[in-house]
1. Modelling each spin label as a point 7 Å along the Cα-to-Cβ direction, I'd like the Lys73/Tyr29 distance in nm, to one decimal.
2. By the gyration tensor of its Cα atoms, with a ≥ b ≥ c the square roots of the eigenvalues, what is the shape of the range 20-73: rounded for a/c under 1.5, prolate for a/b over b/c, or oblate?
3. Return the distance in nm (one decimal) between the two label points of a simple spin-label model at Thr55 and Asn7, each offset 7 Å from Cα along Cα→Cβ.
Amino acid sequence: MSTQQNNPLHGIKLEQIVTDLQAHYGWEYMGYEINIRCFTSDPSVKSSLKFLRRTPWARTKVENMYLDMVKKKKN
């Protein structure tokens with residue numbers, strides 16, 4: 001349990017991350033920042049989750065985008 005105490009994403013589901021990003025930025029901006037088809041071509045939470053769960057590099061970019069958003073909201 002102590003291995004997760006410094007992980008800012010601990011306890012946050014991928015679906016919540018995608019939903020929060022979409023609500024804050026919108027699909028168009030997300031597709032501009034991270035050029036993946038699940039954000040640019042007929043975007044949905046379901047298609048994004050399916051892709052991100054199978055693609056570690058894209059998931060890392062989305063998680064980093066989420067952390068940046070949370071950091072900016074706090075300031």
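Only the coordinates and a few stated rules stand behind these numbers; no lab work does. These numbers come from a predicted model, not from an experiment. FYI the Cβ positions are ideal-geometry reconstructions off the backbone, even for glycines, and counts take in every protein chain you see.
1. Placing both labels 7 Å beyond Cα along the Cβ direction yields 1.3 nm.
2. Taking the square roots of the gyration eigenvalues as a ≥ b ≥ c, the range 20-73 is oblate.
3. 2.3
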